[in-house]
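Let me begin by presenting the structure, written as structure tokens, before commenting on it.
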Amino acid sequence: MRIAIFVLVAASAAFAQISPLKGWTPGQGFGWVWGPNDEVGSLNAVANPGYVLKALQAVKTGKTYDLGVLCDANSYKWPGHSATSLVTFRSPELIKRDAASNPFAQHPRGLAWHSLALYVSDNLGTQIDGLGHITTGADNHWYNGFKEAQHGTNFGITKADADTIPPVILRGVLIDVAGWKGVDALPGNFAIGPAELQAALAKQKVTLEPGDAVLIRTGTLRYWGATGAGHAKLAAHDSAGLTLAGAKWLVEQKGVVFIGGDTSGVEVGVDPALPKNVSNAVHEYLLVEQGVHIGEFHNLEALAANRVYRFTYFATTNRLKGAVAGTAMRPIAIE
């Protein structure tokens with residue numbers, strides 16, 4: 001009994017620390033509020049055992065959903081990123097052929113190995129944009145005022161790279177906009193603003209809470225297939241996504257700390273409320289101005305099929321120093 005009381009008291013004490021959401025101002029969001037050296041952004045707000053406990057206690061069945069997509073050299077991608085190449089660096093046949101210089105060539109048990117050389121984009125497949133991904137202004141600055149002249153190098157960035165993204169364990173919410181519209185996938189350039197987000201949430205009977213992660217489904221990844229080789233079909237839907245007004249509503253009104261989706265960019269291709277020559281406004285707003293990370297190409301089809309709208313979201317990034325995004329990831333949702 002004493003142990004049970006202690007656990008209850010400890011959990012209650014942790015939960016008492018999570019309200020209100022640290023660093024978040026309703027109507028304004030987050031911004032550069034964590035000090036001049038911060039590289040983490042809005043995830044600072046949930047860097048608290050109380051939030052982790054609450055996220056883990058949201059697990060009801062223990063069923064897991066793999067949100068990652070499988071990639072190869074033919075996978076669909078945003079055209080501004082490089083293709084994927086995997087080259088065999090060592091193979092059993094080559095090792096055994098190289099008898100003169102390779103000691104394994106004469107191994108008594110025939111031991112050998114495979115190893116690959118990888119050439120991949122750090123914005124490949126299922127990924128999380130780091131806060132240094134987007135720059136703006138004549139000085140090419142990114143989140144928290146870090147500038148290219150000081151922190152850009154030929155070997156990656158030295159501030160707010162993807163390795164500064166901490167392990168993400170959050171309460172997650174699926175907003176199935178395609179499901180709300182009753183279509184397999186939203187058409188290209190379908191704009192998801194506050195009205196669409198609110199309508200989908202109302203249909204799902206789900207409310208957002210400060211500190212949530214939000215994943216927005218357009219249905220695009222129902223056409224991924226094995227490795228995303230159907231470029232034309234994917235491209236027909238990939239430009240559907242979040243408007244600047246929708247992003248502001250999630251961050252400033254609801255206190256969302258992480259926003260993801262099932263397309264290559266999460267945001268709408270052409271925002272009808274903005275001038276035609278303005279692009280990537282959601283990326284600039286979330287990454288640079290608010291310090292909110294963006295999760296792209298998350299496969300939300302199984303969650304939607306099972307109508308799992310609340311879950312625990314878990315993701316960690318590859319530890320590649322200087323990378324601007326966590327690449328080729330395999331985040332999970334736990335029901």
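Identify, from the list 94, 70, 53, the residue that is surrounded by 13 or more Cβ atoms within 10 Å (Cβ to Cβ), of a type in the set (A, V, I, L, M, F, W, C), farther than 22 Å from residue 163 by Cβ and modelled with pLDDT under 95.
Working: 70 fails: modelled with pLDDT under 95; 53 fails: modelled with pLDDT under 95.
Exactly one of 94, 70, 53 is surrounded by 13 or more Cβ atoms within 10 Å (Cβ to Cβ), of a type in the set (A, V, I, L, M, F, W, C), farther than 22 Å from residue 163 by Cβ and modelled with pLDDT under 95, namely 94.
With the structure loaded, tell me whether residue 162 is without any contact (Cβ under 8 Å) to a residue 60 or more places away in the chain and over 21 Å from residue 247 (Cα atoms) or whether it fails that test. Spelling it out, it is not the case that residue 162 is without any contact (Cβ under 8 Å) to a residue 60 or more places away in the chain and over 21 Å from residue 247 (Cα atoms). Hey, any hits in segment 275-297 for a residue that's in contact with a helix residue (DSSP H, G or I) (Cβ under 7 Å, 6 or more places away or on another chain), among the charged types (D, E, K, R) and assigned by TED's automatic domain parsing to the domain that holds residue 32? No - not one qualifying residue is present in segment 275-297.
For segment 97-126, the candidate set comprises residues that are over 30 Å from residue 238 (Cβ atoms) and in contact (Cβ under 8 Å) with a residue 24 or more places away in the chain; within that set, the residue that is surrounded by the fewest Cβ atoms within 10 Å (Cβ to Cβ) is 115. In summary, residue 79 fulfils each of the numbered conditions (1) in contact (Cβ under 8 Å) with a residue 60 or more places away in the chain; (2) under 30 Å from residue 332 (Cα atoms); (3) not polar (S, T, N, Q) with the single exception of condition (1).
Quick check: anything in segment 284-300 more than 17 Å from the chain's Cα centre (by Cα), over 23 Å from residue 160 (Cβ atoms) and either among the acidic types (Asp, Glu) or at pLDDT 95 or above (or both)? Break it down stepwise before answering.
To start, the set of residues in segment 284-300 that are more than 17 Å from the chain's Cα centre (by Cα) comprises 289.
Still in the running and over 23 Å from residue 160 (Cβ atoms): none.
No, the conditions are met nowhere in segment 284-300.
The values are calculated or read from the model by the stated rules, or taken from the named source; none is laboratory data. Fair warning: this is a prediction, and the values are worked out from it, not measured in the lab. Note that each Cβ is placed from the backbone with ideal geometry, even for glycine, and that neighbours are counted across all protein chains shown.
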